[in-house]
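*Asks:* Got a structure here, written out as C-alpha cells. Questions coming.
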Amino acid sequence: MTPTLADGDRLLVSYRRAVRRGDLVVARLADGTVAVKRAAERRTTRDGSPAWWLLSDNADEGVDSRHRGPVADRDVIAVTVARLWPHPRRL
C-alpha cells in the first residue's frame, strides 16, 4: 500500500479528538520515536492498560506495532485532521 503521507507534509492535528479505528494518529513508540501511524484496533499492553495496535500504511517501510507491540493510550498524542501542505486535504 502506498503511504498516505510523505516527508515534509504539514499536518493539522487535534489533541482532544477521540481516536477511532482507521484514524491517522501521532504516537510515541516504545523507543521514544514520535511517528504518524494508522490506528488499526484496540489492544492492551502487557500490564493490561488500554492501547492501540498501530500500523504503517506501507507495510514494507517503517516500524509499527508489529515490531514494537501495542501503544498505550497515554502515548497516542493526537489525531490527524488534515494535511495542510503541499496538497491540502482532509485525512
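Since every read-out is calculated from the coordinates, none of them should be taken as a lab result. Since the model is a prediction, treat every value here as computed from it, not as a measurement. Note: ideal-geometry Cβ built from the backbone for every residue, glycine included; neighbour counts use all protein chains shown.
*Asks:* Could you tell me which residue out of 72, 18, 35 lies farthest along the dipole of the range 10-90 toward its positive end? Charges go on the beta carbon: Lys and Arg +1, Asp and Glu -1, centred on the Cα centre.
*Replies:* 18
*Asks:* A further question follows. Would you calculate a helix-derived [θ] at 222 nm for the chain, using -39,500 (n - 2.57) for each DSSP H run of n ≥ 4 and dividing by the full residue count, to the nearest 500?
*Replies:* On the way: 1 runs with 4 residues, N = 91.
Computed ellipticity for the chain at 222 nm equals -500 deg cm²/dmol.
*Asks:* DSSP beta bridges in the chain, what fraction antiparallel, as a percent rounded to 5? All intermediate terms of the calculation are to be shown ahead of the outcome.
*Replies:* On the way: 23 of 23 bridges.
Antiparallel bridges make up about 100 percent of those DSSP assigns within the chain.
*Asks:* Still on this structure, I have one more. Assigning unit charges at the beta carbon (Lys, Arg +1; Asp, Glu -1) and nothing else, what dipole magnitude in debye, to the nearest 20, does the chain show about its Cα centre? Before the final figure, lay out each step's value.
*Replies:* Working: 17 positive and 12 negative charges, 93 e Å.
Value, rounded to 20: 440 debye.
*Asks:* For residue 28 and residue 5, calculate 0.36 nm times their separation in residues minus their Cα-Cα distance, and state this gained length in nm to one decimal. Mind showing how you got there, number by number?
*Replies:* Details: separation 23, 0.36 × 23 = 8.28 nm, distance 1.76 nm.
Gain on stretching residue 28 to residue 5: 6.5 nm.
*Asks:* Three principal axis extents, largest first, for the C-alpha atoms of the range 15-88, in Å?
*Replies:* 41, 30, 21
*Asks:* When the Kirkwood hydrodynamic radius is evaluated over all pairs of different C-alpha atoms of the range 1-58, what value in angstrom, to one decimal, is obtained?
*Replies:* Values: mean 1/r = 0.0793 Å⁻¹.
Computed over Cα pairs of the range 1-58, the Kirkwood hydrodynamic radius comes out at 12.6 Å.
*Asks:* Taking 7 Å along the Cα-to-C-beta vector as the label spot, tell me the residue 84-residue 21 distance in nanometres, rounded to one decimal.
*Replies:* About 3.2 nm separates the two model spin labels.
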